[in-house]
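Structure first, commentary second.
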Amino acid sequence: MRLGFRSLSVLASLLFLAIACTWMFSPDAMLANWGIGASPSAELMARRGAALYAGLSVMLFMARGAAPSPARSALVAGFVTACSLLAALGVGELASGHAGRGILVAVVLEAVFVLAFVFVGGKS
């Protein structure tokens, strides 16, 4: 099975929608999975981050049929940048002891999406 931009965009869109919903409606579950205590401040920031995940989900879903173009390249570059930074931050928070090993699931998913979008980003 060949994974193209369309399939990858839909997959990422669905996953990011699920992440957005979890952060929005159950931030304490995500925080607990990462070994972080839930607090009103942490939950507020989690819900605000959920809005960004939801926005990425919508952008990827709506762009799923985009042909190779400067706009599609910009979308891929933004997504790769965001996921790269999230993965690096996750590793940094784990290394500094601010997050538990549960954050590695997110780091691995982010790294996989970075590699996948780099690979299919410019192809039809």
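Here the Debye sum runs over all C-alpha atoms of the range 1-57 as equal scatterers in vacuum, and log10 of I(q)/I(0) at q = 0.14, 0.15, 0.16, 0.20 Å⁻¹ comes out as -0.42, -0.47, -0.52, -0.69. Tell me, how many Å apart are the Cα centres for the range 1-25 and for the range 61-107? Here the answer is 12 Å between Cα centres. Carbon and sulfur together cover what percent of the accessible area of the chain at a 1.4 Å probe radius? Solvent-exposed carbon and sulfur of the chain make up 73 percent of the total. The angle between the Cα long axis of helix 103-120 and the main principal axis of the chain comes to about 10°, on a 0 to 90 degree scale.
Summing Cβ point charges (Lys, Arg +1; Asp, Glu -1) relative to the Cα centre of the chain gives a dipole of roughly 500 debye.
Each eigenvalue of the Cα gyration tensor of the range 1-95, multiplied by 5 and square-rooted, gives one semi-axis; in descending order these are 28, 14, 12 Å.
For the chain, the solvent-accessible area works out to 57 Å² per residue, with a probe of 1.4 Å and every protein chain left in place. Computed on the Cα atoms alone, the convex hull of the range 60-124 gives a volume of 73 cubic angstrom per residue.
The values are calculated or read from the model by the stated rules, or taken from the named source; none is laboratory data. Small disclaimer: the values here were computed from a predicted structure and weren't measured. Cβ coordinates were reconstructed from backbone atoms using ideal geometry, including for glycine residues, and neighbour counts include every protein chain displayed. Each accessible area value is taken on the protein alone, full model and side chains, heavy atoms only, with ligands, DNA and RNA left out. Shrake-Rupley method; radii C 1.70, N 1.55, O 1.52, S 1.80 Å.
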